Amino acid sequence: MSSAPILALENLTMRFGGIVAVNALSFTAQRKQITALIGPNGAGKTTVFNCITGFYKPTSGVIRLTHDDGAQFEMQKLKDYNISKQAKVARTFQNIRLFPGMTALENLMVAQHNALMKASGLTFLGLLGVPSWRAAEQSAIDNAVFWLKRVGLLDRADDAAGNFAYGDQRRLEIARAMCTGPALLCLDEPAAGLNARESGALNELLLSIRSDHGTSILLIEHDMSVVMEISDRVVVMDYGVKIAEGTPREIRDDPKVIAAYLGTDEEEAAAVMEAEA
Amino acid sequence: MSASLPPSSPFQSNGSEPVGAAFILKKAVLSALVALGLFSLMVGVRTEAGQSGQLEYWTRFGELASLVGAVFVGSIAVELLRLWLGPRGGFGSFVPASVQSGLSVAGRYLAPALLIFTFLVPVIFYNQRYILDLGILVLTYVMLGWGLNVVVGLAGLLDLGYVAFYAVGAYSYGLLSTTFGLSFWICLPLAGILAAFWGVLLGFPVLRLRGDYLAIVTLAFGEIIRLVLINWQEVTGGPNGVSGIPRPTLFGIPLTPGEGGLAAMLGIPFSPTHRIVFLFYLILALALLTNWVTIRLRRLPIGRAWEALREDEVACRALGINITTTKLTAFATGAMFGGFAGAFFATRQGFISPESFTFQESALVLAIVVLGGMGSQLGVALAALAMIGGFELFRSLEVYRMLVFGLAMVLIMIWRPRGIVGHRAPTVFLEKSKSISSDLVKEGHG
Ligand SMILES: Nc1ncnc2c1ncn2[C@@H]1O[C@H](COP(=O)(O)OP(=O)(O)OP(=O)(O)O)[C@@H](O)[C@H]1O
Ligand SMILES: [Mg+2]
């Protein structure tokens, strides 16, 4: 197994006209760990995700991903679809992006597109219905069923994703990301809008994804209880720059972090205090 | 990334508007005013060229008044109907659940019944040439509709230039057969391949465009192909078109009178109807092939990727789907079916000219897809039958044909804003295939 961190950002900068959303940001995410990326609203967290997953082309900097076998990818050079296909990075979105008119099962089947495309002989063998294609399709369904069970949505496999409750949609989106077989899973505020019970279940799910499946996780989260409970390391951003980095305990006591939150949003600062208490 | 709410249908108006006599009256007056504005020149003043070419005109205020009056009364009637039918929420949602499920049961038997009937049409109407010709026409549009459905209904790409591929297919067969003497059965796949090739060629520059821009560029592409056909006289014959296109043969056996013809070989008397019946089954087979391939493609990763693209392009990119090739394959597949249909058209007519491939054809096929319910195979077939058959039905109305036809379209779109078959059937299921309501299914954006 490679000893390099799974993800390393080196001087990542993203400019939108005059706005510098991310400014010379460097941090690493360790293999098979949960790394949390926190910061007040507008700090640039989602922008970092969009750079990692190829939705934005960074103005400058390097985003390096290293697989277990040592294979390296520089994400800023990859085509957007290759970030999932080759570099094996999956993500969810801050505002959920499911395929609302497709069933939960179909959503998870679309996630396995590249593997299935290959198995279907670029559609031609699939059109003829050759046995190897049928076997591949069945194993894709089995994989989808596995993840549906894992997130507790198996009984709703045949329902349209658009009909799901908010919390269920969030979990379905995670299941869909996992169906791509990622090395790194990027979650943008997965606990947003969840109630306490759902949030607890989410913690368990993420911990199990990390330890049972060996998937490294990069997590944006405002809910401090989630961050404190499950993350191995925390990176704090404000105004596009990193202001602190360390274990959850270190971060909790860092006056700079508390100041950053106090300076922007009372509620969140209170959440930090609460987690401390 | 901005949060986007699903756009609600313009016909599903908000229920907060007050519905009173004043409201209804106001709406009717407004409608009447619009009608007055529209018709005052169209109907109110009649112009004609006089004997020596001078402008002659006279007024027809009586007709104008009756039209405006009809709009006024009609508007009140529609509003009262809405009031009577229940809470305002679009006509589509008025249908009670029991009727909906009844419809879906009927739908299950409708498709096989329709198919059996179609197979029997040449038997039942053997002596009615008109019906057979109409059947061939309807089936041609069913096939075109199914082909365009791949692009518009599944992949959600608005293509206003579909007729271009129909033309490419027709001219491919017409020119290959008249110049090189190739037979229909060799030219048919070639026509499909050439059309698909043009589909990809069109696709490359336009697929980065979305929505309205894509629609406009595809529209222009359709027109460009037509203009090329008109102006490239040496190859295409210009406005005169290509004539003397060979009729199809039954795998080499011509359907002609005399020695070597099918009738002579079977020892039955020759009849020109044989060829019509043959053409009927030919287009039926082509259409069914299109249907079969499309249904299968939907259940393959490529088809699912098309639909996913229609639902959310950003999510597709995050899942490692190559947007460009996925869109191109949709364009190419749709174009290929258009090309097949074009080759059939050429062999049926025996003569083609650019006049057959105007924007009106594109619009008609698109209307069939939209009316049918985007993505639904059965819906598209029903819509083609309704549009082409209905158009013939109203033939006796002469000048009012278009008017009645347009009115019927508007009414259907009010009644079923998402088309005749509005729901979507899942492509894979674990326990039970539950059809998905049209409110959830996206229409695509580009
Ligand atoms: N596409 C864009 N064009 C212009 N400015 C952008 C764009 N995307 C992000 N920004 C700006 O970059 C800054 C960081 O935004 P970002 O969405 O990354 O914040 P965030 O940390 O995810 O905040 P939140 O916690 O609210 O989700 C904001 O000022 C935002 O307006
Ligand atoms: Mg964000």
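Measuring between their Cα centroids, the stretch B:182-198 and the stretch B:391-437 lie 32 Å from each other. Residue-normalised convex hull volume from the C-alpha trace of chain B: 210 Å³ per residue. Calculated mean residue ellipticity, 222 nm, chain A: -12500 deg cm²/dmol, from DSSP H runs (n ≥ 4) at -39500 (n - 2.57) each, averaged per residue and rounded to 500. Listed values for the stretch B:421-429 are Karplus-derived 3J(HN,Hα) couplings in whole Hz (6.51 cos²θ - 1.76 cosθ + 1.60, θ = phi - 60°), namely 9, x, 8, 10, 9, x, 8, 8, 8, and x replaces Gly and Pro.
Taking K and R as +1 and D and E as -1, what net charge do the other residues with C-beta under 14 Å from the C-beta of residue A:10 add up to? For residues surrounding residue A:10, the net value is +2.
Model label sites at residue A:128 and residue B:405, defined 7 Å from Cα along the beta-carbon direction, differ in position by 4.4 nm.
Compared with the direct C-alpha span, the chain from residue B:285 to residue B:78 gains 70.2 nm at full extension, assuming 0.36 nm per residue. One Cα centroid belongs to the stretch A:143-191, the other to the stretch A:42-104; the line between them spans 18 Å.
In this structure the amide hydrogen of residue A:244, modeled in the peptide plane, comes within under 5 Å of the amide hydrogens of A:236, none closer than 5 places in sequence on its chain. Take the Cβ atoms of residue A:74 and residue A:138, set R0 to 45 Å, and the FRET efficiency comes out at 0.80. Which value in Å is the Kirkwood Rh of the protein assembly as shown over different Cα pairs? It works out to 29.3 Å. Residue by residue along B:292-302, Cβ atoms of other protein chains within 10 Å of the local Cβ number 5 on average. Computed extension length for residue B:429-residue B:52: 128.4 nm, one decimal, from 0.36 nm per residue of separation with the Cα-Cα distance subtracted. Label the stretch B:286-424 by shape, choosing from rounded, prolate and oblate, from the square roots a ≥ b ≥ c of the eigenvalues of the Cα gyration tensor; if a/c is under 1.5 it is rounded, and otherwise prolate applies when a/b is larger than b/c, oblate when it is not. Here the stretch B:286-424 falls in the oblate category.
Hull volume per residue, based on the alpha-carbon atoms of the stretch A:99-163 and their convex hull, is 82 Å³.
Rounded to the nearest 500, the 222 nm mean residue ellipticity of chain B from helices alone is -21000 deg cm²/dmol, with -39,500 (n - 2.57) taken per DSSP H run of at least 4 residues. Summarised as an ellipsoid, the stretch B:157-306 has semi-axes of 34, 22, 12 Å, derived from the eigenvalues of the Cα gyration tensor scaled by 5 and square-rooted, with the largest first. When the alpha carbon coordinates of the stretch B:372-446 are projected onto the principal axes, the ranges are 53, 23, 21 Å, largest first. The spacing between the stretch B:110-130 and the stretch A:5-40, judged by their C-alpha centroids, is 66 Å.
Membrane-span-like helices in chain B (whole DSSP H runs, Cα extent of at least 24 Å along the helix axis, mean Kyte-Doolittle hydropathy of at least 0.0): B:21-42, B:61-85, B:97-124, B:129-149, B:163-180, B:184-206, B:211-231, B:273-298, B:323-349.
A simple packing score, the average count of other Cβ atoms within 10 Å per residue, orders the peptides A:169-179, B:383-393, A:104-114 as A:104-114, A:169-179, B:383-393, with the highest score first.
Taking B:197, B:278, B:117 in turn, the Gaussian network model of chain B (Cα-Cα springs below 10 Å) assigns the largest fluctuation to B:117. Assuming charge only on the beta carbon of Lys and Arg (+1) and of Asp and Glu (-1), the dipole of the protein assembly as shown about its Cα centre is about 1520 debye to the nearest 20.
Here the spin labels are modelled as points 7 Å beyond Cα on the Cα-Cβ line, and at residue A:19 and residue A:146 they lie 4.0 nm apart. Spacing of the modelled spin labels on residue B:414 and residue B:190, each 7 Å from Cα toward Cβ, amounts to 5.2 nm.
Which of A:79/B:327; A:45/A:88; A:32/A:85; B:26/B:442; A:85/B:327 have a Cα-Cα distance over 24 Å? Beyond 24 Å between Cα atoms: B:26/B:442.
Rule-based calculations on the coordinates, nothing more; no lab input. Since we're looking at a predicted model, the values are computed, not measured. Every residue, glycine as well, gets a Cβ built from its backbone with ideal geometry; the counts of neighbours run over all protein chains shown.
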